[in-house]
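Notes follow once the structure below has been shown.
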């Protein structure tokens, strides 16, 4: 029986080779095709959870943070930071709230006036149309079957020099890089995405800690 095993293995490999070659010869999507895949993926969702890592480097500062991201349509987003613990950024559909444990105040700003580097993800909460959201959209093939979609977010031309989305061939965003006009770079990476996760609406209600005042103003850097 053993003498037939090499032949069986060879036959199985011969059958698999055409499939492998076909996969290797799959043409790369066009920028239009890939943007539409991203649109379709996120437009079909009503909610999403993922783990995130965030890094910032610029203006003489460097920091790395991480936590859990919750998204629910329409227009709700919560970044729960585990590092540093107790930090939260919340968009409840009407206001954006910013608080870190130990802060003397909670900052609040109307969602309509939000100009924050997490806001490129905000378009995922509505009807995504990448080709309308990003000016000069371009496609760059990357390693491991990933791609980069780069462009300039509309309405942030004075602050952002370039936005790069790292996406899979299926249109799932795995990373975002924002290069600001002053040279600062913010990167977000995402893992363990759970589409249409069960997320309670109460997660998007922010209650300020006892004794901490709420101040209307600009979001912190």
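Between residue 53 and residue 181, residue separation times 0.36 nm minus the direct Cα-Cα distance comes to 43.8 nm.
You can think of it this way: the chain between residue 62 and residue 201 has 46.7 nm of extra reach, that is 0.36 nm per residue less the Cα-Cα gap.
I need the peptides 31-41, 93-103 ranked by packing, meaning the mean over residues of other C-beta atoms within 10 angstrom, with the highest value on top. Walk me through the numbers before you get to the answer.
Details: 31-41: 18.4, 93-103: 16.5.
Highest mean packing first, the order is 31-41, 93-103.
When all alpha carbon pairs of segment 125-221 are counted in 10 Å bins from zero, the resulting P(r) reads 12, 34, 31, 20, 4, 0 %. Could you give the distance between the Cα centres of segment 175-205 and segment 140-169, to the whole Å? Comparing the Cα centres of segment 175-205 and segment 140-169, I get a distance of 14 Å. Here each label is just a point 7 Å from Cα along the line to Cβ, and for residue 73 and residue 192 those points are 2.5 nm apart.
Given the Cα atoms of segment 29-200, and with Rh set as the inverse mean 1/r over their pairs in the Kirkwood sense, what is Rg to Rh to two decimals?
Rounded to two decimals, Rg over Rh is 0.94.
The label point for residue 33 and the one for residue 170, both projected 7 Å from the Cα toward the Cβ, are 1.8 nm apart.
Listed from fewest to most Cβ neighbours within 10 Å, the set 109, 140 follows the order 140, 109.
The numbers here are math on the coordinates, done by the rules we state, and not lab data. Since the model is a prediction, treat every value here as computed from it, not as a measurement. Heads up, the Cβs are rebuilt from the backbone with ideal geometry, glycines too, and the neighbour counts pull from every protein chain shown.
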